[in-house]
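Q: Okay, here's the structure, questions in a sec.
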Amino acid sequence: MKLYGKKVLITREKSQAEALASLIERYEGVPLVVPLIKTECKKNESFAIDERSYEWIFFTSVNGVRCFMKQHRDADVLKRAKIAAVGDKTAKAIETYGYRVHFIPTMFNAESMVEQFLERYPNSDHFLIVRGNLSRDVLLKVFAEKKRTFDALVVYETKPNVAIKEQLIETLKQKKPDYLTFTSPSTVDTFVRLLEDTDLLDDMREVPAVSIGTTTEEAVRSHHFSTLITPKTFTIEQMVDALLKFENERLR
């Protein structure tokens, strides 16, 4: 299956856009890269991580791994605690720093992560949850309900890349994408925010939108896009696979 020159808008942050763009090109599509969000690592100078005792450390994103390791890669707590990762990409990011991942859920989202973890380790306690400022509160809420002891450490901030508005508008007008891709609710919300005072938004809602998972799909749905495509496994590879299958069905 190929994309035969179909133009695909890529909205994820610049540091992660290249991998998705390469996949689109591999299948003869044309990537249109317009990063709608940016992430910045946040210092945690007042958080003395090695003075605390954790049984598990939870990582829910590659950005969380990158920013945590930037400050704490040699922390003793990483050598003592077990590590949980939300998915394969996050696990691989952890392993590049030389640490072993002890738990990955079968579905790569927070709901599956916390449900499957508690099934497998019902008596575990004392957790560190590494997150971003816009990360969902699923793990925090469930662990609080289950009366588990935990700390939540915000190591990065996700911000709308509002400076890219003119580039986005120009790209949409001149290139006219055949597909939109969204890899987080933040990318969806920023896309709508930057276009809400233009006449482009209604037209863009008619362009098929590919979401990386159910949480992002919910954001797309809430903004009334007409055609939603979501893979069963929440990776960029499966996003492209779902897009290819959708395109193949359209050609029949």
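Q: Given that just one value was derived from the coordinates, which of [x] 23.0, 66; [y] 20.1, 75; [z] 19.3, 62 is Rg and Dmax of the Cα atoms in Å?
A: Of the labelled values, this structure produces [z].
Q: Enumerate by residue number the chymotrypsin sites (Phe, Trp or Tyr not before Pro) in the stretch 154-252 meeting two conditions: DSSP loop (anything except H, G, I, E, B), and at most 10 other Cβ atoms within 10 Å of the site's Cβ.
A: Values: sites: Y156, Y179, F182, F191, F225, F234, F246; in loops: F225, F234.
Hits after loop and neighbour filter: nothing returned.
Q: Report relative contact order for the chain in percent, whole number only (criteria: Cα-Cα under 8 Å, sequence separation at least 6). Let's see the in-between values first.
A: Values: 445 pairs, mean separation 52.1, N = 252.
For the chain, the relative contact order is 21 percent.
Q: Compare H72, H224, H126 by solvent-accessible area with a 1.4 Å probe and give them largest first, with all protein chains kept in place.
A: Working: H72 20, H224 130, H126 90 Å².
Correct descending sequence by accessible area is H224, H126, H72.
Q: Here's another thing I want to ask about it. Counting only heavy atoms of protein chains, what accessible area per residue, in Å², does the stretch 72-138 have with a probe of 1.4 Å?
A: Numbers: 3390 Å² over 67 residues.
Accessible area per residue, the stretch 72-138: 51 Å².
Q: Under a 1.4 Å probe, what is the accessible area of the stretch 158-211 per residue, stated in Å²? Kindly include the intermediate steps, with their values, before the conclusion.
A: Numbers: 2480 Å² over 54 residues.
Ligands and nucleic acids excluded, the figure is 46 Å² per residue.
Q: For K7, which lysines qualify as cross-link partners when the Cα separation must be under 16 Å and same-chain residues fewer than eight apart are set aside?
A: Straight-distance partners of K7: K173, K175, K176, K245.
Q: Quick one: work out the % antiparallel among DSSP beta bridges in the chain, nearest 5.
A: Numbers: 5 of 32 bridges.
If I count the DSSP bridges inside the chain, around 15 percent turn out antiparallel.
Q: Quick one: how many Å² of K245 are accessible to a 1.4 Å probe, rounded to 10?
A: 110 Å²
Q: Using only the heavy atoms of the protein chains and a 1.4 Å probe, how would I164, I104 rank by accessible area, largest first? Could you put the intermediate results ahead of the total?
A: Values: I164 15, I104 60 Å².
Greatest to least solvent exposure: I104, I164.
Q: Moving on to the next point. Dividing the Cα convex hull volume of the stretch 78-208 by residue count, how many Å³ per residue is that?
A: Values: hull volume 20.0 nm³, N = 131.
It comes to 153 Å³ per residue, whole-number rounded.
Q: Normalised by the number of residues in the stretch 23-119, what is the relative contact order in percent for Cα pairs under 8 Å and 6+ residues apart?
A: Numbers: 99 pairs, mean separation 21.2, N = 97.
Relative CO of the stretch 23-119 lands at 22 percent.
Q: What is the percent carbon and sulfur in the accessible area of the chain, measuring with a 1.4 Å probe over the protein chains and ignoring ligands?
A: Details: 5810 of 12730 Å².
Whole-percent figure for carbon plus sulfur exposure: 46.
The values are calculated or read from the model by the stated rules, or taken from the named source; none is laboratory data. Everything numeric here is computed off the predicted structure, so don't read it as measured data. Positions of Cβ are backbone-derived with ideal geometry, glycine not excepted, and every protein chain shown enters the neighbour counts. To get the accessible areas, we keep the full protein, side chains included, count just its heavy atoms, and leave off ligands, DNA and RNA. Shrake-Rupley method; radii C 1.70, N 1.55, O 1.52, S 1.80 Å.
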